[in-house]
Ligand SMILES: NC(=O)c1ccc[n+]([C@@H]2O[C@H](COP(=O)([O-])OP(=O)(O)OC[C@H]3O[C@@H](n4cnc5c(N)ncnc54)[C@H](OP(=O)(O)O)[C@@H]3O)[C@@H](O)[C@H]2O)c1
């Protein structure tokens, strides 16, 4: 019996405009350009500078606009787009929404990736005929391994939410949560890659301290993080169980873990994420 490689399932999305095609939008666009994903009607991107727009100009299926050469770039890009992804920096969102509000077609789904900007702000600045979805992706979107939180707006339908979910699923996993939980989600998966990189930095310094070269230390630490994550993902086991399997009674790992337990990491993570949440509230209040 021959085993044939299965074709990736085809996902079809309607025309999408990315306003502010920087790092995060670029990551989502790379997911949309994978085999098996069709964006019917094409992708439009906008940037301020022609230099940045050039990243996308000439790419098949993408029409790139720059506001410095075409003042109407954002308004032009949204015409005919069913999904409009707002990916400029949070402080720039209100001006951008005022700019496009008059030309958005009824039934357009505006998807925000802007950290901390509420659905209420979007809905206030956009016509009632347009629905809003708020999201929080994370940087592993660049390699198709994002975790994205997605929240419905007060005017969005199940179909609107499903469109946004499908779009973000092209770059990883998606969790639908009420907007009230999105800032908390952001303190876990949004900021989470930074926590992991920080742990890797510290652990690498320890390996160097044990006499290894930076290259050897990087290989050991990064390989261990990657290997342990893959093992966790494929084994179907609980992390605590996998940890127990590495920790023989009276062995060396047991001694090391006992020291780590003294550090009360759970409390540290509680405090770190509480600090991030407090900052999100300050930012929402304009501080
Ligand atoms: N990076 C992350 O990890 C992450 C995670 C979750 C959410 N987000 C959110 O994603 C958004 C973008 O972040 P980013 O890291 O992708 O920033 P970024 O790389 O600086 O991208 C922002 C882009 O917006 C463009 N832009 C600015 N004003 C514009 C305007 N009026 N019209 C059209 N384009 C405009 C900029 O173009 P020029 O360069 O030409 O000025 C730039 O390419 C932020 O709201 C952030 O909160 C980011």
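Order these peptides, 179-190, 199-210, 31-42, 108-119, by their mean beta-carbon neighbour count within 10 angstrom, highest first. Could you put the intermediate results ahead of the total?
Working: 179-190: 18.1, 199-210: 13.0, 31-42: 14.6, 108-119: 23.2.
Top of the packing list down: 108-119, 179-190, 31-42, 199-210.
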In degrees, nearest ten, helix 265-284 long axis to first principal axis of the chain (Cα): 20 degrees
Evaluate the distance, in nm, between pseudo-label points positioned 7 Å from the Cα of residue 124 and of residue 233 along their respective Cα→Cβ axes. 4.1 nm
Can you give the extra length, in nm with one decimal, that the chain gains between residue 169 and residue 261 once fully stretched, where that is 0.36 nm per residue apart less the Cα-Cα distance? 29.5 nm
Two pseudo-spin positions, 7 Å from Cα along C-beta at residue 248 and at residue 284, lie apart in nanometres by 5.1 nm
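Sorted by average packing, counted as other Cβ atoms within 10 angstrom per residue and highest first, what order do 161-169, 120-128 take?
Ranking, from highest mean packing down: 161-169, 120-128.
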Quickly work out the residue 271-to-residue 23 label distance, labels modelled 7 Å from Cα along the C-beta direction, and quote it in nm with one decimal. 2.7 nm
Given the DSSP H assignment, sum -39500 (n - 2.57) over each helix run of at least 4 residues in the chain and divide by its residue total; what's the result at 222 nm in deg cm²/dmol, nearest 500? -13500 deg cm²/dmol
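What's the FRET efficiency of residue 213 with residue 55 using the Cβ-Cβ distance as r and R₀ = 41 Å, to the nearest 0.05?
Details: r = 36 Å, r/R0 = 0.88.
Rounded to the nearest 0.05, the efficiency is 0.70.
The numbers here are math on the coordinates, done by the rules we state, and not lab data. The model shown is predicted, which means the values in this text are computed figures rather than measured ones. Here the Cβ is made from the backbone with ideal geometry for all residues, glycine too, and neighbour counts use every protein chain on show.
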